[in-house]
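Please read the structure below before turning to the comments.
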Amino acid sequence: QVQLVESGGGSVQAGGSLRLSCAASGYARSYSCMAWFRQTPGKEREGVATILLTGGAPRYTDSVKGRFIISRDNAKTMLYMNSLEPEDTGMYYCASASDPGLCLRAGETISSANFKYWGQGTQVTVSS
C-alpha cells in the first residue's frame, strides 16, 4: 500500500553536507512514523532518525545528534546531514510504520523490525 523513494545521496569530503529526501505515497495511516536507516556491508542496519508524519517528535541515534536533522516537507521526509564523517558512509534507507508510537520511544534504539515499508536506498559516501 505504501511506496517509498529516496534521493539525494552522493560522495562528499569529511565535513561536508548532504540532503536526503524520501517521497511516500499510499494511505497516510500506513506511514504514521517515518524513519531513516543506514547500512554498511558486514554491519547491522542502524536506525538513524525517526519523525511523525505530522513533523513532530524528531528522534536521533546518539552518533548523529547535533549533526543531522530530520523533518517533514509536504509528502517528503528529509534528512539534512551536516559535518559528515567517514563513519557516516553507507546505504541510507527510508522506512515507514503505521504505529506512531514507534516515533515516541525516546532513549530507545530504532529497530528495523518495527518498520514494514522500505525504499530502495540511496548511497552516501564520505571520504577523509
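The values are calculated or read from the model by the stated rules, or taken from the named source; none is laboratory data. Bear in mind that the values here come from a model prediction, so they are computed numbers and not experimental data. Glycine gets a Cβ as well: all are built from the backbone with ideal geometry, and neighbour counts include every protein chain shown. These area figures cover heavy atoms from the full protein model, side chains too; ligands, DNA and RNA do not enter into them. Shrake-Rupley method; radii C 1.70, N 1.55, O 1.52, S 1.80 Å.
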### Query
Any chance the stretch 111-120 includes a residue that's within 25 Å of Gly26 (Cα to Cα), at pLDDT 95 or above and in contact with an Asp or Glu (Cβ under 9 Å, 6 or more places away or on another chain)?
yes
### Message
Consider the stretch 102-117. How many of its residues are crowded, with 16+ Cβ neighbours inside 10 Å and in contact with a Ser or Thr (Cβ under 8 Å, 6 or more places away or on another chain)?
### Response
5
## Note on the structure
From the option list Asp99, Asp73, Asp88, single residue qualifying as in contact (Cβ under 8 Å) with a residue 60 or more places away in the chain, among the acidic types (Asp, Glu) and either open to solvent by 30 Å² or more (accessible area, probe 1.4 Å) or touching a strand residue (DSSP E or B) at 6+ places or on another chain (Cβ under 6 Å) (or both) is Asp99
### Task
Report the residue count in the stretch 19-65 for those that are open to solvent by less than 40 Å² (accessible area, probe 1.4 Å), within 23 Å of Thr89 (Cβ to Cβ) and not hydrophobic (A, V, I, L, M, F, W, C).
6
